Amino acid sequence: MKKLICGLALVLVLMAGGSAVAADATAAVDVNSAYVWRGITFNDGLVAQPSIDVAKGGFGINVWTNYDIDDYDDTLDDREFSEVDLTLSYGFDLEPVSIGIGYIEYLFPAGGAGTREVYLDFGVPIAGGLACGATAYYDFDEVEGLYGNVYLSYGIDLSDCLGMEISAAAGYADKDFAEAYGGTDGGLFDLSCSLGLSYAVTDALSLGASITYVDTLDDDVLLEDLVDTDVFGGISIAYAY
């Protein structure tokens, strides 16, 4: 795993800084009151989530990490990286549809088997900042199951520097995916609603804040016990170079 992370880090550096292959890069850190993934609470305590994203010509590489500042009812080691996600992606437009395909490698340095997913995303602008889309993920390793969601978002500029986005999403899981997380049947999985603000300090530096509500849509698919955190929020800082 360390060799894989080091190798990907080298590619990121070369893409971001090499004159022949210079690309757009963004480094960011989110600090959230909980770590929630697809409705499931992985940590109900404070977490930091650093990431770096490099993109060129539709291709992208992203490294995202979760650092547990606090523990989860004494079940996690605090002050430790519990997850590293490596994503390779490619996006293109077939007007008016934006299409993205990608591969995600999930690694768990603190213990636990990693897994792998591929995904396909479709996004369509509707009008005046309103957009909708759908994403399908297939875990072909540990889970061998399908998860998908549909989403609706609305973005608006409140001023030259301040923007706001409101979004909602609903997830669906097949039986294999649901059973991997304790469910007994496939069906509607999770619901989330978010409100986010972003402030451009400079052309490169931006700050953000968000609050999110999550819940299960069917207790037979996503167990209510796994949704320990209904509402969480956080702040973020990002620098593009």
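Throughout, read-outs are computed from the coordinates displayed, never taken from laboratory work. Since the structure is predicted, the reported quantities are computational estimates derived from the model, not experimental observations. Positions of Cβ are backbone-derived with ideal geometry, glycine not excepted, and every protein chain shown enters the neighbour counts.
Annotations
- Working note: Karplus 6.51/-1.76/1.60 with θ = phi - 60° gives region 139-149 the couplings 7, 9, 10, 5, 8, 6, x, 10, 10, x, 9 Hz, where Gly and Pro are set to x.
- Among GLY145, GLN49, GLY111 - extreme Cα towards positive end, dipole of the chain, charges at beta-carbon: GLN49
- Calculated SAXS-style log₁₀ I(q)/I(0) at q = 0.19, 0.20 Å⁻¹ - region 85-210, Debye, Cα scatterers: -1.20, -1.24
- Placing R0 at 22 angstrom, the Cβ-Cβ distance between ALA168 and ASP71 gives a FRET efficiency of 0.10 after rounding to 0.05.
- By the equivalent-ellipsoid construction on the alpha carbon gyration tensor, region 55-111 comes out with semi-axes of 33, 11, 9 Å, ordered largest to smallest.
- With the helix formula -39500 (n - 2.57) applied to DSSP H stretches of n ≥ 4, the chain reaches a computed 222 nm mean residue ellipticity of -3000 deg cm²/dmol.
- Using θ = phi - 60° in the Karplus curve 6.51 cos²θ - 1.76 cosθ + 1.60, the 3J(HN,Hα) couplings for region 161-172 round to 10, 10, x, 10, 9, 10, 9, 9, 8, 10, x, 10 Hz; x is entered for Gly and Pro.
- Total charge dipole magnitude, region 89-187, about the Cα centre, Cβ charges on Lys, Arg, Asp, Glu only, Debye to nearest 20: 140 debye
- Hydrodynamic radius (Kirkwood) for the chain, which is based on Cα pairs only, to one decimal in Å: 19.1 Å
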